[in-house]
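First the structure, in the form of structure tokens, and then the observations on it.
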Amino acid sequence: MTKIIFLMVVVFTGLTSSYGQGPTSKSEVANPAAFRKLTVQSQCDTGSKQGIGDCVRRILTVLDIRNSEEGSRIRDEIFHFKSGVSVFLRTVSGLADDSVSAIRYRVSFKKHEGGFSFVQVGVQQLCQPRRGHRGWTKGSCI
């Protein structure tokens, strides 16, 4: 009985993570090449980890990224790596789109002596079933 419950928990955890419902693993956001790079004409430096949120809001505003739409859910997460890179990840799921079910934005910062400097923004999307890739992708959904 214990094995069956454990297996159910593992399967459920995998499903929620894959479809943007559960917490994101650090390894999913570690590689910026897994995200399609977006061009931003904004520089944002901050003196503390707490200021990263303010920088992210400014950058997402410059990109004209909607915070949400009716029926969607937003999850914001911050990851700090030993390399001095900090990554803010915004996941918007439950989109009313026939090809894209969720989208996530990766905004990275690099630690320096005076605080943190903006590095880049990337985006991934999760396609609706049978509308392209099965997992998070920087490619297009059909």
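Quick look at the values:
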| item | result |
| --- | --- |
| Complete set of residues in the stretch 91-109 that are in contact with a Gly (Cβ under 6 Å, 6 or more places away or on another chain), at pLDDT below 95 and of a type outside the set (A, V, I, L, M, F, W, C) | 91, 93, 94 |
| Tally, over the stretch 45-75, of residues that are within 14 Å of residue 103 (Cβ to Cβ) and either among the hydrophobic types (A, V, I, L, M, F, W, C) or assigned to a strand (DSSP E or B) (or both) | 6 |
| Unique match (being in contact (Cβ under 8 Å) with a residue 24 or more places away in the chain and touching a Leu at 6+ places or on another chain (Cβ under 7 Å)) among 123, 107, 119 | 123 |
| Residues of the stretch 1-44 that turn out to be farther than 24 Å from residue 73 by Cα, among the aliphatic types (A, V, I, L, M), part of a helix (DSSP H, G or I) and modelled with pLDDT under 75, as a count | 4 |
| Residue, farthest from residue 23 (Cα to Cα), within the stretch 46-91, restricted to residues that are exposed (fewer than 14 other Cβ atoms within 10 Å of the Cβ) and touching a residue at least 60 places away in the same chain (Cβ under 8 Å) | 47 |
| Selection within the stretch 116-127 - surrounded by fewer than 16 Cβ atoms within 10 Å (Cβ to Cβ) and over 12 Å from residue 32 (Cα atoms) | 117 |
| Residue identified as among the polar types (S, T, N, Q) and under 17 Å from residue 125 (Cβ atoms) among 42, 72 | 72 |
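The values are calculated or read from the model by the stated rules, or taken from the named source; none is laboratory data. Keep in mind the model is a prediction, meaning the values are calculated, not measured. A quick note on method: Cβ atoms are made from the backbone with ideal geometry, for glycine too, and the neighbour counts reach across all protein chains shown.
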